[in-house]
Amino acid sequence: MNFKELCQARYSCRSYQDKPIEAEKLEYIKECVRLAPSAVNRQPWKFILVTAPEQLAIVKASYNREWIQQAPAIVICLQNREECWTRRYDNKNHADIDIAIATEHLCLAATEQGLGSCWVCNFDIDLLRSTFSLPEGYEPAVLVPLGYAADSATEKNRKPMEEVWA
(Lines give C-alpha, C1' and ligand atoms only; values in the text may rest on other atoms or scores of the structure.)
Protein backbone atom coordinates (compact mmCIF):
# COMPACT_ATOMS: atom_id res chain seq x y z
CA MET A 1 0.00 0.00 0.00
CA ASN A 2 1.46 3.38 -0.94
CA PHE A 3 0.99 6.47 1.21
CA LYS A 4 -1.99 7.81 -0.72
CA GLU A 5 -3.73 4.43 -0.42
CA LEU A 6 -2.97 4.42 3.31
CA CYS A 7 -4.50 7.90 3.67
CA GLN A 8 -7.56 6.76 1.72
CA ALA A 9 -7.91 3.64 3.89
CA ARG A 10 -7.76 5.50 7.23
CA TYR A 11 -11.17 6.52 8.57
CA SER A 12 -12.89 7.14 11.89
CA CYS A 13 -13.85 3.64 12.95
CA ARG A 14 -16.82 3.49 15.30
CA SER A 15 -17.42 -0.24 15.52
CA TYR A 16 -14.93 -2.84 16.70
CA GLN A 17 -14.80 -6.62 16.66
CA ASP A 18 -14.49 -8.58 19.88
CA LYS A 19 -10.94 -9.62 19.03
CA PRO A 20 -7.70 -8.85 20.87
CA ILE A 21 -4.90 -6.96 19.14
CA GLU A 22 -1.63 -8.84 18.74
CA ALA A 23 1.24 -7.54 20.87
CA GLU A 24 3.53 -7.18 17.85
CA LYS A 25 1.03 -4.88 16.13
CA LEU A 26 0.81 -2.70 19.23
CA GLU A 27 4.61 -2.56 19.45
CA TYR A 28 4.81 -1.57 15.78
CA ILE A 29 2.31 1.25 16.34
CA LYS A 30 4.19 2.44 19.43
CA GLU A 31 7.42 2.61 17.44
CA CYS A 32 5.75 4.59 14.65
CA VAL A 33 4.44 7.09 17.22
CA ARG A 34 7.90 7.34 18.80
CA LEU A 35 9.32 8.34 15.41
CA ALA A 36 6.88 11.23 14.90
CA PRO A 37 8.42 14.67 14.37
CA SER A 38 7.83 17.61 16.68
CA ALA A 39 8.81 21.27 16.71
CA VAL A 40 12.52 21.58 17.54
CA ASN A 41 12.39 17.84 18.36
CA ARG A 42 11.03 18.58 21.85
CA GLN A 43 8.71 15.53 21.78
CA PRO A 44 6.38 17.02 24.43
CA TRP A 45 4.22 13.93 24.72
CA LYS A 46 3.59 10.70 26.51
CA PHE A 47 1.17 7.91 25.65
CA ILE A 48 -0.68 5.42 27.80
CA LEU A 49 -1.83 2.22 26.13
CA VAL A 50 -4.87 0.96 28.03
CA THR A 51 -5.88 -2.68 27.58
CA ALA A 52 -6.65 -3.90 31.13
CA PRO A 53 -10.45 -4.29 31.51
CA GLU A 54 -10.69 -2.25 34.74
CA GLN A 55 -8.74 0.67 33.29
CA LEU A 56 -10.51 0.43 29.94
CA ALA A 57 -13.86 0.77 31.73
CA ILE A 58 -12.73 4.05 33.28
CA VAL A 59 -11.41 5.47 30.02
CA LYS A 60 -14.61 4.42 28.24
CA ALA A 61 -16.65 6.13 30.99
CA SER A 62 -14.83 9.38 30.19
CA TYR A 63 -16.52 9.36 26.76
CA ASN A 64 -20.01 8.02 27.26
CA ARG A 65 -20.79 6.70 23.79
CA GLU A 66 -22.01 3.21 22.97
CA TRP A 67 -19.55 2.55 20.14
CA ILE A 68 -16.38 3.08 22.19
CA GLN A 69 -17.39 0.29 24.57
CA GLN A 70 -16.34 -2.28 21.94
CA ALA A 71 -12.73 -1.10 21.59
CA PRO A 72 -10.21 -3.61 23.00
CA ALA A 73 -7.56 -0.89 23.46
CA ILE A 74 -7.47 2.87 23.90
CA VAL A 75 -4.45 5.14 23.78
CA ILE A 76 -4.46 8.22 25.99
CA CYS A 77 -2.35 10.84 24.22
CA LEU A 78 -0.82 13.33 26.65
CA GLN A 79 0.80 16.66 25.86
CA ASN A 80 3.03 18.96 27.88
CA ARG A 81 2.60 22.66 27.18
CA GLU A 82 5.72 23.56 29.18
CA GLU A 83 8.08 21.19 27.33
CA CYS A 84 6.95 22.08 23.82
CA TRP A 85 8.47 24.68 21.57
CA THR A 86 6.93 28.16 21.54
CA ARG A 87 7.37 30.46 18.56
CA ARG A 88 9.07 33.66 19.74
CA TYR A 89 7.37 36.03 17.31
CA ASP A 90 3.86 35.52 18.68
CA ASN A 91 4.31 33.06 21.59
CA LYS A 92 2.42 30.35 19.69
CA ASN A 93 2.62 27.18 21.79
CA HIS A 94 3.03 24.10 19.56
CA ALA A 95 1.87 21.38 21.99
CA ASP A 96 -1.42 20.87 20.13
CA ILE A 97 0.36 20.65 16.79
CA ASP A 98 2.95 18.19 18.07
CA ILE A 99 0.42 15.86 19.70
CA ALA A 100 -1.70 15.99 16.53
CA ILE A 101 1.26 14.87 14.41
CA ALA A 102 2.04 11.96 16.74
CA THR A 103 -1.63 10.99 17.02
CA GLU A 104 -2.01 10.82 13.27
CA HIS A 105 1.13 8.67 13.09
CA LEU A 106 -0.69 6.37 15.53
CA CYS A 107 -3.84 6.25 13.38
CA LEU A 108 -1.96 5.69 10.12
CA ALA A 109 0.20 2.95 11.67
CA ALA A 110 -2.95 1.27 13.02
CA THR A 111 -4.53 1.41 9.57
CA GLU A 112 -1.44 -0.10 7.99
CA GLN A 113 -1.64 -2.95 10.53
CA GLY A 114 -5.26 -3.67 9.60
CA LEU A 115 -6.76 -1.94 12.63
CA GLY A 116 -9.39 0.75 13.01
CA SER A 117 -8.95 3.92 15.03
CA CYS A 118 -10.75 7.17 15.76
CA TRP A 119 -9.76 10.53 17.22
CA VAL A 120 -11.77 11.39 20.36
CA CYS A 121 -11.24 14.87 21.77
CA ASN A 122 -14.49 15.37 23.73
CA PHE A 123 -13.96 13.43 26.96
CA ASP A 124 -13.87 13.93 30.74
CA ILE A 125 -10.28 15.00 31.37
CA ASP A 126 -10.79 15.24 35.14
CA LEU A 127 -11.91 11.61 35.35
CA LEU A 128 -8.69 10.52 33.63
CA ARG A 129 -6.56 12.81 35.80
CA SER A 130 -8.10 11.44 39.00
CA THR A 131 -7.78 7.80 37.91
CA PHE A 132 -4.42 7.54 36.19
CA SER A 133 -1.06 8.62 37.58
CA LEU A 134 -0.33 11.14 34.86
CA PRO A 135 3.21 12.46 34.64
CA GLU A 136 3.73 15.93 36.11
CA GLY A 137 2.88 18.67 33.58
CA TYR A 138 1.04 16.39 31.16
CA GLU A 139 -2.60 16.72 30.17
CA PRO A 140 -4.81 14.35 28.17
CA ALA A 141 -5.34 15.77 24.69
CA VAL A 142 -6.76 12.89 22.63
CA LEU A 143 -8.13 9.39 23.12
CA VAL A 144 -7.62 6.88 20.30
CA PRO A 145 -9.60 3.64 20.47
CA LEU A 146 -7.97 0.79 18.56
CA GLY A 147 -9.25 -2.53 17.32
CA TYR A 148 -10.25 -4.65 14.38
CA ALA A 149 -13.02 -2.79 12.55
CA ALA A 150 -16.52 -4.24 12.56
CA ASP A 151 -17.64 -1.55 10.12
CA SER A 152 -16.17 -0.22 6.92
CA ALA A 153 -15.28 3.20 5.67
CA THR A 154 -17.96 5.25 4.06
CA GLU A 155 -17.11 7.63 1.26
CA LYS A 156 -15.08 10.52 2.61
CA ASN A 157 -16.58 13.94 2.03
CA ARG A 158 -13.55 16.05 1.16
CA LYS A 159 -13.40 19.53 -0.28
CA PRO A 160 -12.36 19.75 -3.93
CA MET A 161 -8.67 20.34 -4.63
CA GLU A 162 -9.23 23.95 -5.71
CA GLU A 163 -10.79 24.77 -2.33
CA VAL A 164 -7.89 23.27 -0.41
CA TRP A 165 -4.88 24.53 -2.36
CA ALA A 166 -4.45 28.24 -2.97
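Solvent-accessible area of the chain (1.4 angstrom probe, protein heavy atoms only): carbon and sulfur portion equals 50 percent. On a per residue basis, the chain carries 59 Å² of accessible surface, using protein heavy atoms and a 1.4 Å probe.
Taking amide hydrogens as placed 1.01 Å from N in the peptide plane, the amide H of Ala150 sits under 5 Å from those of Ser15, Tyr16, Gln17, each at least 5 positions away in sequence or on another chain. Applying the Karplus relation 6.51 cos²θ - 1.76 cosθ + 1.60 with θ = phi - 60° to segment 23-37 yields 3J(HN,Hα) values of 4, 5, 5, 5, 5, 4, 4, 4, 5, 5, 5, 4, 7, 5, x Hz, where x marks Gly and Pro. Rounded to the nearest 10 square angstrom, Thr154 shows an accessible area of 110 square angstrom against a 1.4 Å probe. Summarising the amide proton neighbourhood of Glu83: residues at separation of 5 or more, or on other chains, whose placed amide H is nearer than 5 Å comprise an empty set.
Taking Lys156, Lys25, Lys46 as the candidate residues, the one with maximal mean-square fluctuation in a Gaussian network model of the chain, Cα springs under 10 Å, is Lys156. Once all protein chains are placed together, Val33 keeps about 10 Å² accessible to a 1.4 angstrom probe.
The values are calculated or read from the model by the stated rules, or taken from the named source; none is laboratory data. All values reported here derive from a predicted model rather than from experimental measurement. When the accessible area is computed, the model is the full protein with side chains, heavy atoms only, and any ligands, DNA or RNA have been set aside. Shrake-Rupley method; radii C 1.70, N 1.55, O 1.52, S 1.80 Å.
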